Amino acid sequence: MAVVVTLWFVSTADVAAVLATEPAPDRGFGRKFLSQLDSSKPITMIGTFPLNRSTVPGKDEFYIGGFPGIIVVQMLVDELTKLSALPSRLTTAINSPDLYVFAEDTESTFAGIAHFQGDKLRRSFCATRSRVYEDKGLPEGFEYGFWSGHSEGIDLPFAPKDLVAGAERGWLGVPISSSGPDINVVGYATDGRKEPRIESHAPSPPLSEVVVTSSTKLGFSATNPDYDDYEAHNEPGVGAEVDDAPGTEVAKIARDVAHIGWLTGKKLFRLTRSKAAAAKERLRHLDREK
């Protein structure tokens, strides 16, 4: 089975405080980390996204985040049932006082947790709901509620994946889920694929430019005094000087839009009045012809 394994290399006393700021990941760190693991494989960046809101990595994919005092690496590991069996090149890849490991199989009930200090395993528990694969070290404080039967389970008094969620909160101080802070990571692939193409789009024009362009196409411009036979200063509240203060640009745009609407209504009224006068004149001539 392919298991999603997440390693947290921790050298800070307050993981929750660092993650609460939702720091941006160090893009260069991931490449260095993967080169250290296997320098023969090509490395392709595939995107930046929150670890706790994304799908799990695929084969030959790694999600990596480098933050102050914290390194997180997520990957797929085949045929894993004991976290103590993780290769040392992974568990000692980063020199940190503590390494917390979480494992979950997306297609079964298997899950596991582990705590390493240096090259020493302090705690590992890996199981499905009906079979325990590994139980080493003493239970951590956050585990007591699970072993006391306060959580639901079939053979075990709890579901192993629930233990993973409890371990994340117990060891890291925050839930690694959509309810917690965003864990921003960079995704990499080592299968030789090309980097995804990112199309650049021209920036949208300012709203003021849109107003001027649209009004010009309609035959008048709020920024040109020749657009109508009535000057702007003759209309109440239009054309007043505005100080260069915050919100001035928005105020100018609102003024121009209001002015355009006022003039449009005035032109429609004059056009309607002109058409009515012309129709009346034609009727008067018809009466004379009779």
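Within the stretch 23-80, which residues are farther than 20 Å from Ser96 by Cα, touching a residue at least 60 places away in the same chain (Cβ under 8 Å) and among the β-branched types (Val, Ile, Thr)? Result: Ile43, Thr44, Ile46, Thr48, Val77.
Got a sec? Which of Ala103, Ala127 is more than 20 Å from Val73 (Cα to Cα), crowded, with 21+ Cβ neighbours inside 10 Å and in contact with a helix residue (DSSP H, G or I) (Cβ under 7 Å, 6 or more places away or on another chain)? Result: Ala127 is the single residue among Ala103, Ala127 that is more than 20 Å from Val73 (Cα to Cα), crowded, with 21+ Cβ neighbours inside 10 Å and in contact with a helix residue (DSSP H, G or I) (Cβ under 7 Å, 6 or more places away or on another chain). Applying a threshold of 9 Å to beta carbon distances and a minimum spacing of six or more residues, or different chains, the list of pairs starting in the stretch 105-119 at a residue that is farther than 15 Å from Thr81 by Cβ and in the same structural domain as Leu172 (by TED's automatic domain parsing) and ending at one that is of a type in the set (S, T, N, Q) and crowded, with 18+ Cβ neighbours inside 10 Å reads His115/Ser124; Phe116/Thr91; Phe116/Ser124; Gly118/Ser96; Asp119/Thr91.
Scoring Arg27 on the criteria (1) at pLDDT 95 or above; (2) under 20 Å from the mean Cα position of the chain (by Cα) leaves a single failure, condition (1). Here the stretch 36-57 is the region considered, the condition is being among the small types (Gly, Ala, Ser) and loosely packed, with under 13 Cβ neighbours inside 10 Å, and the residue that is farthest from Gly173 (Cα to Cα) is Ser40.
The values are calculated or read from the model by the stated rules, or taken from the named source; none is laboratory data. This is a predicted model, so every value here is computed, not measured. Cβ atoms come from the backbone with ideal geometry, glycine included; neighbour counts cover every protein chain shown.
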